[in-house]
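Novice: Pasting a structure below so you can have a look.
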Amino acid sequence: MSASLKMPPPIRELRGLWTRSLIAWPNGERDTTTAVRWLQGSSAYIDLRQPALPDFSHVNGLAALTVEDCLRLAAQEGFSGHFGFDGSFFEWAREIDYQPKPLYSDAGSLHWEGDVLVETGRDIAYIEHWHRDPALAAAPAAALALRCKDSGVKGRLLRVGANFMVARDRMLSLAAEQHLTQCVAGSADVQTARAMVDCEISFGQIEPAGWRITASTLPYRVGEPLDQSFGDGGIATRDRAADGAVARRYWEITDSEGDAAVLAGAAMAF
C-alpha cells in the first residue's frame, strides 16, 4: 500500500457510529464476535464493548445481581472521554472507564484501507477493523459532560444523528491494572461486587416516540427510555434505584460541545 493511502484521517471526518469486525494480536489471537459500538462526536466519544452475555431478564435492579451475575458482567468494557490527535497518534483519553485504570494509554494510528478504518496500537500491538454507518458522517452531534448532583460521579451524554450514548461512573474506586473480573472475584461480599459493576455505558436509538436504550453494561436498563429533561442549568434522566424502582437522576452540566438543543430534540432528518 502506498504511503499516501496510510495518511491519518482528520478528526472532523471520524464523527459517527462505528462498529468493529476484528481485533487481532501478534500471537495469533483474534476476536470477531464481541459487539462493539464507538460513537464519536466532535471530540467527545463513548465506547461500549460486550461479549455474549447470558439472559438477565430476571434482573430489574442492582440489588438483584448475584456475585455470579457480577462476574459475567465484569467481562464487558466501555469508556468515555475526549478523542485527540498529536500529529502522529490518535488517543482516546478515558475520563470514565468500566474497567480499572489500565497500564497503557489507549492510543494508536488510523488509516483507511478501502472503506475499512484500520487502527494499529501504539503501546500495545494490536489491529482493529472499524466500519461506520455512512449516513452519520455529517450527522448533527452534541455532547454534555455531567456531574451527578447527589453522588458527585461523572457522566456524559452524547448524540450523533439518531444514536445516543450515556456514560456514568461508579462510586467505588478500583485497584488499577487489574481486570474487573479479578476485582469482583476478590470482593468481600455481594454488595461490594455490585458496587464494582455499577458503572453504566449505554447505547440507544432516537425515534419519534423518544430516546430508548438498546444495549447497556447494566442489563436492566435495556428497553428503557432516557426521558431526559432540562432545567435549572442541568439535566434529569430516568434511572433505576437499586431495588428496581423507577427513579430520576439529576445532573449538573460541567461542559458541552455542539448545540445542546440537539440533546433535547426528537428524531430529525439530516
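Only the coordinates and a few stated rules stand behind these numbers; no lab work does. In this text, all values refer to a predicted model and were calculated from it rather than measured experimentally. Positions of Cβ are backbone-derived with ideal geometry, glycine not excepted, and every protein chain shown enters the neighbour counts.
Novice: Would you order V59, V246 from fewest to most other beta-carbon atoms within 10 Å of each residue's own beta-carbon?
Specialist: V246, V59
Novice: On to the next question. Two decimals, Cα atoms only, Kirkwood Rh: what is Rg/Rh over the chain?
Specialist: 0.96
Novice: Please give the contour-minus-distance gain from W25 to E95: 0.36 nm per residue of separation, less the Cα-Cα distance, rounded to one decimal in nm.
Specialist: That works out to 22.6 nm of additional length.
Novice: Given only helices, namely DSSP H runs of n ≥ 4 each adding -39500 (n - 2.57), what is the per-residue ellipticity at 222 nm of the chain, to the nearest 500 deg cm²/dmol?
Specialist: -2000 deg cm²/dmol
Novice: Would you give the gap between the C-alpha center of region 66-98 and the C-alpha center of region 110-186, rounded to a whole Å?
Specialist: 5 Å
Novice: When 1/r is averaged over all different Cα pairs and the result inverted, which Kirkwood radius in Å belongs to region 215-270?
Specialist: It works out to 13.1 Å.
Novice: Check which residues have an amide H placed less than 5 Å from V116's amide H, if you skip close sequence neighbours.
Specialist: Under 5 Å from the amide H of V116 lies no amide H from a residue far enough along the sequence or on another chain.
Novice: While we're on this one: Which order do M7, M196 fall in if you start with the one that has the fewest other Cβ atoms within 10 Å?
Specialist: The most exposed by this proxy come first: M7, M196.
Novice: Enumerate by residue number the GluC sites (Glu not before Pro) in region 4-71 meeting two conditions: DSSP loop (anything except H, G, I, E, B), and at most 11 other Cβ atoms within 10 Å of the site's Cβ.
Specialist: Numbers: sites: E13, E29, E68; in loops: E29.
Answer by residue number: E29.
Novice: Pick out, from P9, N27, H179, the residue whose Cα sits farthest towards the positive end of the charge dipole of the chain, with +1 on the Cβ of Lys and Arg and -1 on the Cβ of Asp and Glu.
Specialist: P9
Novice: Put +1 on the Cβ of each Lys and Arg and -1 on the Cβ of each Asp and Glu in the chain; which of V67, W251, H131 then has its Cα farthest toward the positive end of the dipole?
Specialist: Going by the Cα projections, it comes out as W251.
Novice: Residue-wise, which Karplus ³J(HN,Hα) couplings in Hz belong to region 7-20, taking 6.51 cos²θ - 1.76 cosθ + 1.60, θ = phi - 60°, and x for glycine or proline?
Specialist: 5, x, x, x, 4, 4, 8, 9, 5, x, 9, 10, 10, 10
Novice: Scan around W211 for amide H atoms under 5 Å from its own, H built in the peptide plane at 1.01 Å from N, and keep only partners 5 or more places away or cross-chain.
Specialist: L226, D227
Novice: Convert each backbone phi in region 35-45 into a coupling constant with the Karplus relation 6.51 cos²θ - 1.76 cosθ + 1.60 (shift: θ = phi - 60°), then list the ³J(HN,Hα) values in order as whole Hz, x for Gly and Pro.
Specialist: So the Karplus estimates, Gly and Pro as x, are 7, 10, 10, 10, 9, 10, x, 5, 9, 5, 8 Hz.
Novice: Quick one: go through region 226-247 and flag any residue whose amide nitrogen is under 17 Å from the point 7 Å out along the Cα-to-Cβ line of H58.
Specialist: Residues 244 fall inside that zone.
Novice: If you put +1 on each Lys and Arg Cβ and -1 on each Asp and Glu Cβ, how big is the dipole of region 3-263 around its Cα centre, in Debye rounded to 20? Walk me through the numbers on the way to the answer.
Specialist: Details: 26 positive and 35 negative charges, 57 e Å.
So the dipole magnitude of region 3-263 works out to roughly 280 debye.
Novice: Using modelled backbone amide H atoms (1.01 Å from N, in-plane), which distant-in-sequence or interchain residues come within less than 5 Å of D106's amide H?
Specialist: The list, which skips near neighbours in sequence, is W92.
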